[in-house]
Amino acid sequence: MRKHLLSIDDVSADDAATLFATAAEMHDVQHREVKKLPALRGRTVINLFFEDSTRTRSSFEIAGKWLSADTINITGKGSSASKGESLRDTVLTICAMGVDALVMRHAASGAAHQVSQWVDAAVVNAGDGTHEHPSQALLDAYTLQRRIGPLEGRHVAIVGDLTHSRVFRSNVKLLLKLGARVTAVAPPTLMPSGVTPWSQADGFALSWDLDEVLPTADAVMMLRVQKERMSGGFFPTPREYTVGYGLTRDRLGVLGPDVPICHPGPMNRGLEIAADAADAAQSVVLDQVSAGVAVRMAILYHLLAGEENA
Amino acid sequence: MSAPDRTPGQGDLPAPPSGETPDGRVVLDERDVARALTRISHEILERNKGAGDLVLLGIPSRGVPLAQRIADRIRSTEGVEVPVGSLDVTMYRDDLRRHPARGPQRTEIPVPTLDGRTVVLVDDVLYSGRTVRSALDAMNDLGRPDVVRLAVLVDRGHHQLPIRADHVGKNLPSARTERVMVRLAELDGVEGVWIADADDDRPSRVGSDS
Amino acid sequence: MSTHSQPRTDTGGPDVVLVRGASVLGERTADLLLRDGVVAAVGGPGELGDTDGARVVDADGMVALPGLVDLHTHLRQPGREDAETVASGSRAAAVGGYTAVLAMANTTPVTDTAEAAEHVHDLGVAAGLVDVHPVGAVTRGLGGEELAELGLMHRSRAAVKVFSDDGRCVANPRVMRRALEYVKAFGGVISQHSQDPDLAGPTACCHEGELSGRLGLPGWPGVAEEVVVARDVMLARHTGSRVHVAHASTAGTVEVLRWAKAQGYPVTAEVTPHHLLLTTDLLATANGGYDPTYKVNPPLRPEEDVLALREALADGTIDVVATDHAPHARHDKQHAFVDAAFGMLGLETALSVVASVMVEPGLLTWADVARVMSSRPAEIAGLDRQGRGLEVGAPANLVLVDPSADITVDRDASVSLSRNNPYDGRRFGAAVRATFLRGTPTVLDGALV
């Protein structure tokens, strides 16, 4: 593993296999009476969340604690720029306390990359703006693999607000590395700018038509659509979005019963995903959450347990 | 990230069965190993007054097939199926930070609970005792056996902790500069125990071969 | 070659300088005698007669150009004296070979009154290294709605002729139209920061394209610039007033300009050195990625835009090079990329960059450089005493350039107060060695006098 986990670019297919193998062991720990391993005893992990995310923050917090790291949460809403302190000053101040890993969430794309240039601690990107969310992609792939086996050659549809989704960017990269085929489905206004050249990558395709894609999907990943996007004129009404791109009850019927449905949460039930789909037996939404802890334990373990100054 | 130099789940195994014979002097050959395991099996039964409540936990990697072989021998002598599992100690090692991070290996507890059982830990070599200490810590998080015993194929001395084995295949006084290599057919394609001078001037790292 | 000489009344002294052996505009080698603030004599090597007592500057191998004129500089004073002052910016300008700069109005307070303009003007005079001409705001407080006191700024000591809301676009077409009409009365020009605020959202921080999609950065597309340029061209036609397109950055803008000029509409345009050299992929590749040093407005564009801009500068579609020198305090660049300040330094390195991307590949001659960096900008800004060439009687504003230098830019060596230098570590093959303002050296041997 590299020193930091900033992007799926930092993870090779072999790394992913290692992380998944470790995560599988960690997963077992979740079912023990004593859910604790001493591997990171004496290590300090700071969850530095400039943007709210109870889900990701608690997942990393539990992961750190089950590995016996001293895990501290620091949340600061709003950009530090508005408080007059530069991002650099903020993180250097925190790291001066003696930190081994900085798990960082920031509303600005690239913030974790920048911070990794300034600090000695290992930096884990827990979501940066509309850029990447590598731990989410890893847990998604891990969850799918446990459900449907190796992803090589399997067809995964990713549906929703691709422009503003860090989960999308990380997932496309990882799924392609693992040999899956990916079709990204969204209305043209929610496709990332300049996405067309991406589709030149092997196994990656774009579509504006969900109904054309679903019948051949081996897994479906629904992304959250923020209602605020309407003010940007990305689509006319929630109703129209649902009709075009929602995983409705009708579309659920098109999917095979063994096709897993992922959603990184929080879900907008009734908008991008119908309750019937969210609660279906093939929905792996809760598996994703539990896998999240195991995968994040694996990430922290591999970044921190190794040789000092590695 | 770059891939670690070992396959996940293979721990500090050099590679899948290479069939390659290590350099050095043979200390135990295939038949010696078999005899030692047979003796250990009998000792365990004797000490435990039978196979009741016994659980064998091998410490990966080579402790696991050794535990399995002991269980096989107990079955043929006593006609009893002793539960065999594995207990990975990677996360519990006190030298984690001195090596590249290694992926944990399987921990499989073959019984619903270890509480009240007699656990025999099985490993290939007893050296510093640190692996066994880690194993005791790991077991602590899994349950509370009545009795824990330790069986090893080779005890090479130089213990650094107040730990000793209850059942030993062979006591092998060795210099710290020497390397002791156990190879088992299941994992390595060859079988036996070898001893050799270290490749370089560096004393062999305590803990590297248990 | 004949010797031109003017009657002289003094016997030399510190104000008399003999520049010996310079290649004037890279075309002919000559000695230049600078006296009383003007070029007193020009002659072939050794042809100048009595030069006793003159300070001799050996310009062997140097190219002499008229002092450079920058239509687009941010000096940050008043308001952000921690980033730059009129004095420190003047030093950077002199080091870069400039003898005149136009200081943009987006200071705190904004240069939107006669008093504010005179304040900047007076600070420039006090610094005394380059002529500092304040640019007046087009609208009060750069608010985009009410016209600033354009006429009073023009009538002031600062004699403002160029107006700009730079940093913001005069987006409202009605306001732009009125401003263009109004400044006709005194020959003013509106320099427009062309950026449609609705196409470039509030968080937009880079060029919108494949890279921004990958990096997840909110960007704005070239068309956000082009629609405003196209609109303003039509307003220039309609009003008969002059529009100057600040920092043109896209191939589409070049297309519109080329068309407008072919129609004979009163439009001029500038390009910055960084848009001639740097490309948007630096956001992914430089210093681990997302380095705010490369965050600038307009944003760095893809290679195809850069090539179109070079071509447009070479064929005259784009009139001039202007630096958009934009100093920022270090901490204002140490935020997350989207939160960091826009802008990069430019004065000290402009000539080296232009030489590297335009002269070395043969797209411009040194005489062309004199045109795009001195005479044409002076003409656009209405500066009679700048950009006049190096004939006898012209103001002795000149710069000596070493066309075969080998320099490596070191941001820490800058005389600017700021360090947001995007060329740090880059090598260039030409460098300013000396600058003279009205006959007085401000820079010699590459260092401030």
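The values are calculated or read from the model by the stated rules, or taken from the named source; none is laboratory data. All of these numbers come straight from a predicted model, not from anything done at the bench. Backbone-built Cβ (ideal geometry, glycine too); neighbour counts: all protein chains shown.
Points to keep in mind about this one:
- Selection count, the stretch A:209-239, where residues are touching a Pro at 6+ places or on another chain (Cβ under 9 Å) and not in a loop (DSSP other than H, G, I, E, B): 6
- Matching residues in the stretch B:90-104 - criterion: being at the interface with another protein chain (Cβ under 7 Å from one of its Cβ atoms) and of a type outside the set (Phe, Trp, Tyr): B:MET91, B:LEU96, B:ARG97, B:ARG98, B:HIS99, B:PRO100, B:ALA101, B:GLY103, B:PRO104
- Scope the stretch C:311-334; condition more than 14 Å from chain A (Cβ to nearest Cβ) and either under 14 Å from C:ASN420 (Cα atoms) or under 16 Å from the mean Cα position of the chain (by Cα) (or both); matching residues: C:LEU313, C:ILE318, C:ASP319, C:VAL320, C:VAL321, C:ALA322, C:THR323, C:ASP324, C:HIS325, C:ALA326, C:PRO327
- Selection count, the stretch A:110-136, where residues are facing chain C (nearest Cβ under 7 Å) and at positive phi: 2
- Residue within the stretch C:224-241 that is assigned to a helix (DSSP H, G or I), within 14 Å of another protein chain (Cβ to nearest Cβ) and not hydroxyl-bearing (Ser, Thr, Tyr) present: yes
- For the stretch C:335-367, the set of residues classified as more than 21 Å from C:ALA93 (Cβ to Cβ), within 14 Å of chain A (Cβ to nearest Cβ) and hydrophobic (A, V, I, L, M, F, W, C) consists of C:ALA336, C:PHE337, C:VAL338, C:ALA340, listed by residue number.
- Leading residue by the ranking (modelled with the highest pLDDT) among those in the stretch B:132-165 that are among the small types (Gly, Ala, Ser) and in a loop (DSSP other than H, G, I, E, B): B:ALA165
- A:VAL182 satisfies every condition listed in (1) of a type outside the set (Ser, Thr, Tyr); (2) within 14 Å of chain C (Cβ to nearest Cβ); (3) assigned to a strand (DSSP E or B); (4) closer than 30 Å to A:VAL259 by Cβ except (2).
- Selection from the stretch C:120-161 of residues that are polar (S, T, N, Q) and either closer than 18 Å to C:THR107 by Cα or crowded, with 22+ Cβ neighbours inside 10 Å (or both): C:THR139
- Positions within the stretch A:4-19 being in contact with a Lys or Arg (Cβ under 9 Å, 6 or more places away or on another chain), of a type in the set (A, V, I, L, M, F, W, C) and either facing chain B (nearest Cβ under 8 Å) or without any contact (Cβ under 8 Å) to a residue 40 or more places away in the chain (or both), in sequence order: A:VAL11
- Test: residue in the stretch B:124-137 that is without any contact (Cβ under 8 Å) to a residue 24 or more places away in the chain and of a type outside the set (Val, Ile, Thr): yes
- Of the residues in the stretch C:197-219, not one is under 15 Å from C:VAL254 (Cα atoms) and either polar (S, T, N, Q) or away from chain A (no Cβ under 11 Å) (or both).
- Test: residue in the stretch A:164-177 that is buried (at least 24 other Cβ atoms within 10 Å of the Cβ), touching a residue at least 12 places away in the same chain (Cβ under 8 Å), farther than 21 Å from A:THR44 by Cβ and touching a Lys or Arg at 6+ places or on another chain (Cβ under 6 Å): no
- Reported count of residues in the stretch C:119-176, each being part of a helix (DSSP H, G or I) and without any contact (Cβ under 8 Å) to a residue 60 or more places away in the chain, is 21.
- The residue list C:ALA434, C:ALA405, C:ALA413, C:ALA430 contains one member that is closer than 13 Å to C:ALA93 by Cα and outside the structural domain of C:PRO327 (by TED's automatic domain parsing), which is C:ALA434.
- Those residues of the stretch B:134-189 which are basic (Lys, Arg) and within 14 Å of chain A (Cβ to nearest Cβ), in sequence order: B:ARG144
- Residue within the stretch A:288-306 that is in contact with a strand residue (DSSP E or B) (Cβ under 7 Å, 6 or more places away or on another chain) and of a type in the set (Val, Ile, Thr) present: yes
- Selected residue [within 14 Å of chain C (Cβ to nearest Cβ), assigned to a strand (DSSP E or B) and either of a type in the set (D, E, K, R) or under 23 Å from the mean Cα position of the chain (by Cα) (or both)] from A:ARG105, A:ARG88: A:ARG105
- Scanning the stretch C:311-362 for residues that are over 30 Å from A:ALA107 (Cβ atoms) and free of Cβ contacts under 8 Å to residues at least 60 places away in the same chain yields a total of 8.
- If the condition is being more than 21 Å from A:LEU144 (Cβ to Cβ), within 13 Å of chain B (Cβ to nearest Cβ) and modelled with pLDDT of 90 or more, then the stretch A:20-67 contributes A:LEU37, A:PRO38, A:ALA39, A:LEU40, A:ARG41, A:GLY42, A:ARG43, A:TRP66, A:LEU67.
- Among the residues of the stretch C:254-310, those identified as on the phi > 0 side of the Ramachandran plot, out of contact with any Gly (no Cβ under 8 Å at 6 or more places or on another chain) and either within 14 Å of chain A (Cβ to nearest Cβ) or in a helix (DSSP H, G or I) (or both) are C:ASN287, C:GLY288.
- If only residues of the stretch A:259-275 that are at pLDDT below 95 and more than 20 Å from A:GLU240 (Cβ to Cβ) are counted, the one that is surrounded by the most Cβ atoms within 10 Å (Cβ to Cβ) is A:PRO264.
- Filtering the stretch A:137-151 to residues that are among the small types (Gly, Ala, Ser), away from chain C (no Cβ under 14 Å) and not in a loop (DSSP other than H, G, I, E, B) leaves only A:ALA141.
- Boolean, A:LEU206 is under 23 Å from the mean Cα position of the chain (by Cα), not in a helix (DSSP H, G or I) and not acidic (Asp, Glu): yes
- Failed item, numbered, when A:VAL225 is tested on (1) over 26 Å from C:GLY209 (Cβ atoms); (2) touching a helix residue (DSSP H, G or I) at 6+ places or on another chain (Cβ under 8 Å); (3) at pLDDT below 95; (4) not aromatic (Phe, Trp, Tyr): (1)
- The set of residues from the stretch A:251-310 being in contact with a His (Cβ under 8 Å, 6 or more places away or on another chain) and within 14 Å of chain B (Cβ to nearest Cβ) comprises A:ALA294, A:LEU303, A:GLY306, A:GLU307.
- Test: A:LEU271 is of a type in the set (A, V, I, L, M) and in a helix (DSSP H, G or I): no
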